[in-house]
Amino acid sequence: MTTDRPKGALGRTMLTGSALRLGYFALAALFAMLLMPLMVHRLGDRAYGFWSFAMAFIGYYALIDLGLTSAISQYICIAIGRKDAAACRAVFNAALRIQSLLGCVALAVTAVLALAAHWIFRNPADASLFAQVIAILGINAALAFPARVYAGLLDAQLRFDLRSGLDLLALVLRNLLAAWVVLSGGGLLALSWTTLLASLPTLVLQVTLGRREACWARIGRQTSKGSAAPSLFSYSMYTFGASLADLLRFQVDALVISAFIGLAVVTHYRIATVLVNYYINALLAINGLFQPVMSRMHGASDRAGLERVLFFATKVSLCASAFICCAVIGWGRPFIARWMGVNYEDAYLPTVLLALAVFLDVSQGPSVCLLYATFRHRFYTCINIAEGVVNLVCSLLLVRSYGIVGVAAGTLMGAILMRVILQPIVVCRVSGLRYGHYVRFFSGNLLRFGAFMGLAILLLHPAIRSSYPWLAASALCATCLYAAGSWFLGFNRSERQHFRDALVARAHRRAEPEAAVVAS
C-alpha cells in the first residue's frame, strides 16, 4: 500500500516537519509584526476594520467542514494500519464526495452573503465593496474543501514535512503579495485577489503531492459494502461542536464590536487578538505532542502510565503557558506602543484580559488531550460550547459600558467559570483522577512557574522600554532567567531526564521501529 522508506528516513521526516512547523509560527509572527502596522497605517483604521470584518465572516466557513478533516486522516490511518487498501479507497472517495459537496455549500453561502450586503451595510459603496470582497474570499474558501482530503492523505502517510512546507509556501506568498499590494496603493479588492492567487499554487501542490504519496487514492465508485460516511460523521460531530464553540469564544468578538462600537475600533481589538492567537498556537503545538502517547497507553490499559504522562504534560504546559502569559503582560504595553504606535495603547488591557483567558484554557490542554485519548471528548465539547455562550452573553452586556475592554472581560469571565471551576471537576470525574490531588498539583506548579517569571520581570523592569533593541535584550535575559529557574527548581531529576531523552538521539532511535510499523 505504501512505499517503504529507508530505516531512519521516517524519523528524519517527522523531525523536519516539526522544525518547519516551528518555523511557520515564527515566520507568521514576524509577518504579522511587520505587515499589520503597514496595512493599518496605509489603509486606515476603518478600511482595516472593514477587512477584519470580512475575514471574520470567512472564519465562520470553518463550520461548514463539520470537523471532517480530522476524521478523514484518522480513518485512513486506521485503514493503513490494517493494510486494508479497499477501506482506504472507500474512505478517500466518501471524503472527497462529501468535501466537494461542502465546497458547493460554501459557494452558496458566499452568494447569499454577497446578495445580503445591502442589508449588512447602509452605505451603498460599502455594500458593493463587501459583496466583491466576500465573493473572492468565498471562492478561495470553497476551493479549499476538496483539497483538504489530500491534506488528510499527507497526514495519514505521516508526511508532516510536506504539509508544513506547503503551509510555509502559502504563508510567504500571501504576505509578500499583500505587502506588494498595500505598498503599491492597492485597496481591499486587490488584497482579496492576492489572497486567492496565493492559495492556488499550494492547493494544486497539495493535490499533486497527496496523489503521489498515496498511490491508492484514486477517484472511483464505492468499493466496500457499507458507506464510510457514517463513520466519518460519527467521529467528526464532537470536533465540529468544539470548533463551533471556538468561534463563539474567539471570533464573535469582532462582530460584537463592529455592531455596537464601529469598524475602526475593530482594528484596535485586532491587535490584541493577533498577539493572543500566536500564544494559542504555540501551546497547541506543545500539548499536541502528548495526545498520541496518551492514546497508546489507553489502548494498552496502562492507567498508571497514563496518569504519569498527564501530570508531566501538565507541568510542561504550565511552564510554557506561564512564561508566555507573563511575557504578554510585562512586555505588552511597550511592544504595542513601538509596534503600532502610542495611539493603539488602548489595546493593551484587552490583550492582558485575553491572555489570562487563554492561559486558563491552554495550561490545562493535557487534560483535554486525556479526554480525546480516552474517547471522552464529548464532555470537552460541552464545556467549550458553554464557555462560548457565556462569553457572548457577557460581551453583549459589557460592550456598551466598557467598549473593547468589556468584550475582552466577557471572554475572561467565561474562561474563569468553565476552566477554573467546571473543567477540573469534569476531567477528574470521567477519568477517575483524584480531584484534590490534581488541583494541588496544578495550583502548586502554577504558583512556582508564575513566581519564576514574575521575579524575572521585576528584575528587568527598568530595561523594558519601547525600543526593539531594549525589548529584545530584556526579553532574552528574562528567558534565560526563567529557563534556569524552571529547569533546576520547576522540574525534578526524572523529568529533566525526559527532556534530555526528547532532545538526543535515544528518543529518535526508540521512535523509529514503531514509526516504521505504522508506515508499513
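The values are calculated or read from the model by the stated rules, or taken from the named source; none is laboratory data. Being a predicted model, the structure only gives us computed values, none of them experimental. Cβ placement follows ideal geometry from the backbone for every residue including glycine, while neighbour counts extend to all protein chains displayed. Remember, those area values only see protein heavy atoms, side chains included, never the ligands or the DNA or RNA. Shrake-Rupley method; radii C 1.70, N 1.55, O 1.52, S 1.80 Å.
Odds and ends about this structure:
- Within the set ALA478, ALA511, ALA507, ALA502, the sole residue that is part of a helix (DSSP H, G or I) and modelled with pLDDT of 90 or more turns out to be ALA478.
- Selection status of LEU275, out of contact with any His (no Cβ under 7 Å at 6 or more places or on another chain), modelled with pLDDT of 75 or more and within 12 Å of SER363 (Cβ to Cβ): no
- Matching residues in the range 99-120 - criterion: being among the β-branched types (Val, Ile, Thr) and open to solvent by 30 Å² or more (accessible area, probe 1.4 Å): VAL105, VAL109, VAL112, ILE120
- Taking the range 425-438 as the range and being assigned to a helix (DSSP H, G or I) and open to solvent by 50 Å² or more (accessible area, probe 1.4 Å) as the test, the residues that pass are ILE425, ARG429, TYR435, HIS437.
- Those residues of the range 390-417 which are open to solvent by 10 Å² or more (accessible area, probe 1.4 Å) and within 20 Å of the chain's Cα centre (by Cα), in sequence order: LEU412
- ILE416 meets each of the listed conditions (1) assigned to a helix (DSSP H, G or I); (2) modelled with pLDDT under 90; (3) not small (Gly, Ala, Ser) apart from (2).
- Within the range 468-500, considering residues that are of a type in the set (Phe, Trp, Tyr) and open to solvent by less than 50 Å² (accessible area, probe 1.4 Å), the one farthest from the chain's Cα centre (by Cα): PHE491
- Checked against the criterion of being at pLDDT below 85, open to solvent by less than 20 Å² (accessible area, probe 1.4 Å) and either farther than 22 Å from PHE452 by Cβ or of a type in the set (D, E, K, R) (or both), the range 283-302 contains one or more residues that satisfy it.
- Residue within the range 162-173 that is more than 30 Å from ALA87 (Cβ to Cβ), of a type in the set (Ser, Thr, Tyr) and part of a helix (DSSP H, G or I) present: no
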